[in-house]
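All remarks here apply to the structure that follows.
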Amino acid sequence: MLTVGVCEDHDTIRGVLVRELRGAGHEVVAAHDGGEALRRFGPESDVQVVVMDIGLPDSDGRDVVQALRTAGQRAPVLFLTALGQVSDKLQAFAVGADDYVVKPFEMPEVLARVSALAARGGVVGPRVGTLVLDPVAHAARCGSAEVLLTPTEFRMLAAIVARPGDVVRRRAVVAAAWPDGSIVNENTIDTYVRRLRTKLSSIGAPERIETVRGVGFRAVGTDGATS
């Protein structure tokens, strides 16, 4: 038996997912939008697999997953979406998807994919650092301080800070922040990183973005430790 987090705004589809998952013996934690998913699927929850719709009424499901990753949630994610183009799938995988099913879908396939993701194992890591990303407001918070981010800034920052201890390659940052096929030059990436450093500083976040020359970027704490 698994504990599965299901975020789907369509009442009928959510009802089917909840009923079928419970019928297969799983516990289900349901959410109807991104804000509720953040509250219910965080690293302190018992969620072992996340089933996430992309087209949510308050946010993009891909941004919600990035925010969950930043908060320390490492449970595998299955995206359910009507967006079936290859570019849509690549974007989803770039921001942390482990699997992807296009609507309309068959429940036996979804159940099989959920079980397969759980079998691979998801490691729920502790939250490290103080930065909180809000995909609904496209904002970053540290304590009571908040700064707004553009969608591109949000996705870049999430791609870097959601993988503590890792150097995130430039091409991975581009894949997460820009639509597939976009041509983004090095100066543009560096300009965005400078903006993010300024915004993190403005809210007093101890996290900072370190450039690993010729490779990419890494989030580090004020003491130099990975954040």
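Selection within segment 75-95: residues that are of a type in the set (A, V, I, L, M, F, W, C) and in contact (Cβ under 8 Å) with a residue 60 or more places away in the chain. The member of this set that is farthest from ILE54 (Cα to Cα) is ALA75.
Being modelled with pLDDT of 95 or more and acidic (Asp, Glu) is a property that GLU44 lacks.
Tallying residues that are hydrophobic (A, V, I, L, M, F, W, C) and farther than 22 Å from HIS138 by Cα within segment 84-117 yields 11.
With respect to GLY96, is the statement that it is at pLDDT below 80 and surrounded by fewer than 21 Cβ atoms within 10 Å (Cβ to Cβ) true? Spell out how you get there, then give the answer.
Values: at pLDDT below 80: yes; surrounded by fewer than 21 Cβ atoms within 10 Å (Cβ to Cβ): no.
The answer is no for GLY96.
Pairs linking a residue in segment 31-43 that is closer than 11 Å to ALA71 by Cα to a residue that is crowded, with 22+ Cβ neighbours inside 10 Å and β-branched (Val, Ile, Thr), with Cβ atoms under 7 Å and 6 or more positions apart or on different chains, are LEU38/VAL64; PHE41/VAL47; PHE41/VAL50.
Before we move on, is ASP88 surrounded by 14 or more Cβ atoms within 10 Å (Cβ to Cβ) and under 17 Å from ILE209 (Cα atoms)? Considered against the rule, which asks whether it is surrounded by 14 or more Cβ atoms within 10 Å (Cβ to Cβ) and under 17 Å from ILE209 (Cα atoms), ASP88 comes out as no. Among residues of segment 177-195 being among the hydrophobic types (A, V, I, L, M, F, W, C) and assigned to a loop (DSSP other than H, G, I, E, B), the one that is modelled with the lowest pLDDT is ILE183. ASP58 falls short on exactly one of the conditions (1) crowded, with 17+ Cβ neighbours inside 10 Å; (2) acidic (Asp, Glu); (3) in a loop (DSSP other than H, G, I, E, B), and that condition is (1).
Table: residues versus (1) buried (at least 22 other Cβ atoms within 10 Å of the Cβ); (2) in a loop (DSSP other than H, G, I, E, B); (3) modelled with pLDDT of 90 or more.
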{"position": "ALA67", "(1), (2), (3)": "yes, no, yes"}
{"position": "PRO108", "(1), (2), (3)": "no, no, yes"}
{"position": "LEU111", "(1), (2), (3)": "no, no, yes"}
{"position": "VAL128", "(1), (2), (3)": "no, yes, no"}
{"position": "ALA175", "(1), (2), (3)": "no, no, no"}
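Restricted to segment 27-55, and to residues there that are farther than 27 Å from LEU149 by Cα and in contact with a Ser or Thr (Cβ under 7 Å, 6 or more places away or on another chain), the residue that is surrounded by the most Cβ atoms within 10 Å (Cβ to Cβ) is VAL47. Checked against the criterion of being among the small types (Gly, Ala, Ser) and either at pLDDT below 90 or in the same structural domain as ILE54 (by TED's automatic domain parsing) (or both), segment 197-215 contains one or more residues that satisfy it. With respect to the conditions (1) surrounded by 18 or more Cβ atoms within 10 Å (Cβ to Cβ); (2) charged (D, E, K, R); (3) in a loop (DSSP other than H, G, I, E, B), ARG155 falls short on a single one, namely (3).
Cβ-Cβ contacts under 6 Å between residues 6 or more apart (or on different chains), taken from a first residue in segment 143-170 that is among the small types (Gly, Ala, Ser) to a second residue that is surrounded by 14 or more Cβ atoms within 10 Å (Cβ to Cβ) and not in a strand (DSSP E or B), are listed as ALA145/ILE203; ALA158/GLN66; ALA158/THR70; ALA159/VAL173; ALA159/ALA176; ALA162/GLN66; ALA162/ARG69; ALA162/THR70.
The values are calculated or read from the model by the stated rules, or taken from the named source; none is laboratory data. In this text, all values refer to a predicted model and were calculated from it rather than measured experimentally. Virtual Cβ from ideal backbone geometry, glycine too; neighbours counted across all protein chains shown.
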